[in-house]
Each structure stands twice: as structure tokens, then as C-alpha cells.
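See below for the structure under consideration.
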Amino acid sequence: GAGVSQSPSNKVTEKGKDVELRCDPISGHTALYWYRQSLGQGLEFLIYFQGNSAPDKSGLPSDRFSAERTGGSVSTLTIQRTQQEDSAVYLCASSLEGQSNEQFFGPGTRLTVL
Amino acid sequence: AQKVTQAQTEISVVEKEDVTLDCVYETRDTTYYLFWYKQPPSGELVFLIRRNSFDEQNEISGRYSWNFQKSTSSFNFTITASQVVDSAVYFCALSESWGGANSKLTFGKGITLSVRP
């Protein structure tokens, strides 16, 4: 079956521009996570969605970052007024909560801010 | 707060050697979950194994084996008879819940394993 998909795979943007990153989780998976992978910080949690519950935004690094999940499926991570330190690979994962919490990861979006 | 430490950063071995990747974790919870993920050069994180804190039975799966020791807060991973295809970055991770907000993963920095032919 289809895994987690993310788009775009690569995004190059200029400092100060807004970007949107998309994640399509595995069908039926109720939990969705965003992580960021950068050279300096490693793999960091950003935000978590579960069903209709309020998201856990505790990992978002600044108020320039936001995310939404529409209809309990697709999620969009938005970064406003991008900075060079936002350059990283943004990974999305989904899981069928209550079933081992095995998180399935997408291929990531590589964001480069010039 | 939880923390995962992978003290080794890079390991290089010759094919067919055995290699052990170390992982030490910190958590205040009595129930928690430990994971190993593999990230090959293609970039996608691949789940390898999960252990629950209440299950210290060690496991062998083919060339892979895991050694979970609560007494030393360690969850080490061994590849026997390594192969070139094992070359990847290996991450150890911890979550404090089966579900809910604490199900998020805390990762170590990763270990880059290079297996030379």
C-alpha cells in the first residue's frame, strides 16, 4: 500500500518568503507528526496531530511556524518569513495510534533558504 | 525530560565484521518505548525495532540483535556479519507513551555506519 508522501521533495526559497510543505499520511492513520532534521540539531519534534484533538505544538521553534491538518488527513506545515536557519529536511510521520506507535516516515522535504 | 545519547558518531567496519551501536537513554517515566530507525543514503527513515520498558527480553532477527538493559538505561543494537547495504545512519529513539502527545519521538544524534567491501 501507499506510504507517507510529502511534497515538494525539494524547495529552494529566498529569505523572507513563506513556504508550505505538504504531508499525505497513510490512509487510516490517526496520528501525524512533523519533525525537522538539520545538521546542527539532529532530528527534532515539531508538532503532533491526533484526530480532532488540539495539536501538540510544543516543538515549534517560533511563531513563524504553523501547521494544520484538514479532515484528519493531509497536513500542511507553513513557515512564514523564512530564515536561513530554517534550512533543513522536514519529515512527516504517521501512525495508527494504539497499535505499537510505530511511526512511518515520509521521504521528507529538503528546504533550502538562500 | 527525556534524552537519548548515541556517543558514537561514526563507525567504519569491513564487510563481515560484527558491529554494535550504543544507545543510552534518560527518562523519568516508568513506562516508555525504545526504537531503532535506519536512514539509508536515500534519506527515508526505516523502522527496525520497538521495545517496551516492561519487556527486557532481548531479541535476534536475522543478522540483527538488540540488548535492552534497564539497569544501565541502554538499548544497544548489533549487526552480525555486516554487509555494504548496512551502510546508513542509525537512530535510537524514545517515546514516553503509546499514544497521545507523549508518543512523539526523542531521537539521538545518530551513528553513521560505513561498511567497506
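The values are calculated or read from the model by the stated rules, or taken from the named source; none is laboratory data. None of these values were measured; they are calculated from a predicted model. Note that we place each Cβ from the backbone using ideal geometry, even for glycine, and neighbour counts take in every protein chain shown. Ligands, DNA and RNA are excluded from the accessible area calculation, which covers all protein heavy atoms including side chains. Shrake-Rupley method; radii C 1.70, N 1.55, O 1.52, S 1.80 Å.
What's the total number of residues in the range B:70-97 that are more than 26 Å from B:LYS16 (Cα to Cα) and either touching a strand residue (DSSP E or B) at 6+ places or on another chain (Cβ under 9 Å) or open to solvent by less than 10 Å² (accessible area, probe 1.4 Å) (or both)?
Result for the range B:70-97: 7.
Restrict the check to the range B:59-74 and report whether at least one residue is of a type in the set (Asp, Glu), more than 9 Å from every other protein chain (Cβ to nearest Cβ), over 17 Å from A:PHE105 (Cα atoms) and in contact (Cβ under 8 Å) with a residue 12 or more places away in the chain.
Looking for residues that are of a type in the set (Asp, Glu), more than 9 Å from every other protein chain (Cβ to nearest Cβ), over 17 Å from A:PHE105 (Cα atoms) and in contact (Cβ under 8 Å) with a residue 12 or more places away in the chain, one finds none in the range B:59-74, hence no.
Looking only at the range B:56-100, how many residues end up being aliphatic (A, V, I, L, M), closer than 21 Å to A:GLU102 by Cα and in contact with a helix residue (DSSP H, G or I) (Cβ under 6 Å, 6 or more places away or on another chain)?
Of the residues in that region, 0 qualify.
Taking interchain pairs and intrachain pairs at least six residues apart, which have beta carbon atoms under 9 angstrom, with the first residue in the range B:45-57 and farther than 8 Å from B:LEU34 by Cβ and more than 8 Å from chain A (Cβ to nearest Cβ) and the second in a strand (DSSP E or B) and open to solvent by 40 Å² or more (accessible area, probe 1.4 Å)?
B:LEU48/B:SER61; B:LEU48/B:TYR64; B:ILE49/B:GLU59; B:ILE49/B:SER61; B:ILE49/B:TYR64; B:GLU56/B:GLN69
Please find, within the range A:3-57, the residue that is most open to solvent (accessible area, probe 1.4 Å) out of those that are more than 10 Å from chain B (Cβ to nearest Cβ) and among the hydroxyl-bearing types (Ser, Thr, Tyr).
That would be A:SER27.
So B:TYR25 fits all but one of (1) closer than 23 Å to A:TYR35 by Cβ; (2) open to solvent by 30 Å² or more (accessible area, probe 1.4 Å); (3) out of contact with any helix residue (DSSP H, G or I) (no Cβ under 9 Å at 6 or more places or on another chain); what number is the exception?
(2)
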